Ligand code: GLY
């Protein structure tokens, strides 16, 4: 049936960014419809490692203010999702052992005794690590809880609904989908790796494929994240240790390749020798939304009444709460908590 919904904000993309923004907008009293071409939380938001990697030396330095602000918001963000959905979304780890970049040690190195306490199963030979106060979540926990919390907060979520076009109207936009039409005051592109669609004025976002896989290990043998330049290990506290990730420019290819999974798990098992590799392997892929400069795209689009909140590349899980907050502030004409000039879509105006 073809319905026309009238709302304040129409969001394309029900990944963690689109849904977190919907939640924040509902909190500020705006009516919201989120459209998702597949199932909510079924792409990068689900495939992610879930590290809240505020201090990852591989992050561009310009990202730090967003990372720090988002980490400060995180526990309240999880609590809100839990209380709305009635589903538990735990912080699964609270510390990270980070192998620093050569010559860039900023904290005291972890001692053997300290490693033996939180990571007795770790074989650190030939590597040094520093401690970081960082958390991690299991994106599987958010997969049902976040969509449920948006619905509970009064947002409309339309799955299997692809955005086919966005037309300007007097004072807003009309969003065309295969089924319904949404008449909205504002439209936000939160389509992750699919944000580049030129059909409705996309931005230069490219999919960056990542293979991931689970090892099995007795939970008490590793209870913090271990991150090296080559591989990371994220214990879930229940015997699974999630290992990531490859970085592949392979377009929208979503095939899982065993050789990549095997190579990654072999390199992880060198750090956690008593872990076992399940047979068959337990691997999957995700498509990260990459941008030309490695920074997210946050702010007003060229088209009136349209906005972008996308391009979070490796940090969408961490950056969801701050993105929801600063986008809401910008859309309501307020000063965002973190200045957004560096992330403005206009830097790609010639695309
Ligand atoms: N979030 C970590 C990764 O992209 O591999």
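The values are calculated or read from the model by the stated rules, or taken from the named source; none is laboratory data. Quantities reported herein were computed from a predicted structural model and do not represent experimental measurements. Cβ: placed from backbone, ideal geometry, glycine included. Neighbour counts: every protein chain shown.
Per-structure values
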{"item": "Strands (runs of 3 or more DSSP E) contained in segment 151-251 and holding at least 1 residues more than 16 Å from the ligand (Cβ to nearest atom)", "result": "156-158, 163-169, 172-177, 181-189, 206-216, 240-244"}
{"item": "Segment 255-269, residues that are within 16 Å of residue 231 (Cα to Cα) and surrounded by fewer than 16 Cβ atoms within 10 Å (Cβ to Cβ)", "result": "259, 262, 263, 266, 267"}
{"item": "Single unsatisfied condition, residue 285 versus (1) closer than 29 Å to residue 160 by Cβ; (2) within 16 Å of the ligand (Cβ to nearest atom); (3) over 23 Å from the mean Cα position of the chain (by Cα)", "result": "(3)"}
{"item": "Selection count, segment 271-292, where residues are closer than 23 Å to residue 57 by Cα and surrounded by 15 or more Cβ atoms within 10 Å (Cβ to Cβ)", "result": "8"}
{"item": "Given (1) more than 13 Å from the ligand (Cβ to nearest atom); (2) farther than 20 Å from residue 136 by Cβ; (3) outside any helix (DSSP H, G or I), number of the condition residue 261 does not satisfy", "result": "(3)"}
{"item": "Residue 85 touching a helix residue (DSSP H, G or I) at 6+ places or on another chain (Cβ under 6 Å), more than 13 Å from residue 314 (Cα to Cα) and surrounded by 24 or more Cβ atoms within 10 Å (Cβ to Cβ)", "result": "no"}
{"item": "Residue check for residue 320: within 15 Å of the ligand (Cβ to nearest atom), crowded, with 24+ Cβ neighbours inside 10 Å, within 26 Å of residue 50 (Cβ to Cβ) and at pLDDT 95 or above", "result": "yes"}
{"item": "Condition met for residue 38 (outside any loop (DSSP other than H, G, I, E, B) and under 20 Å from residue 165 (Cβ atoms))", "result": "no"}
{"item": "Condition broken by residue 147, with the remaining ones in (1) under 14 Å from residue 11 (Cβ atoms); (2) part of a strand (DSSP E or B) satisfied", "result": "(2)"}
{"item": "Residue in segment 1-9 that is surrounded by 15 or more Cβ atoms within 10 Å (Cβ to Cβ) and in contact with a helix residue (DSSP H, G or I) (Cβ under 8 Å, 6 or more places away or on another chain) present", "result": "yes"}
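Conditions (1) within 16 Å of the ligand (Cβ to nearest atom); (2) at negative phi; (3) in contact with a helix residue (DSSP H, G or I) (Cβ under 8 Å, 6 or more places away or on another chain), marked per residue:
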{"residue": "24", "(1), (2), (3)": "no, yes, yes"}
{"residue": "43", "(1), (2), (3)": "yes, yes, yes"}
{"residue": "58", "(1), (2), (3)": "yes, yes, no"}
{"residue": "68", "(1), (2), (3)": "no, yes, no"}
{"residue": "74", "(1), (2), (3)": "yes, yes, yes"}
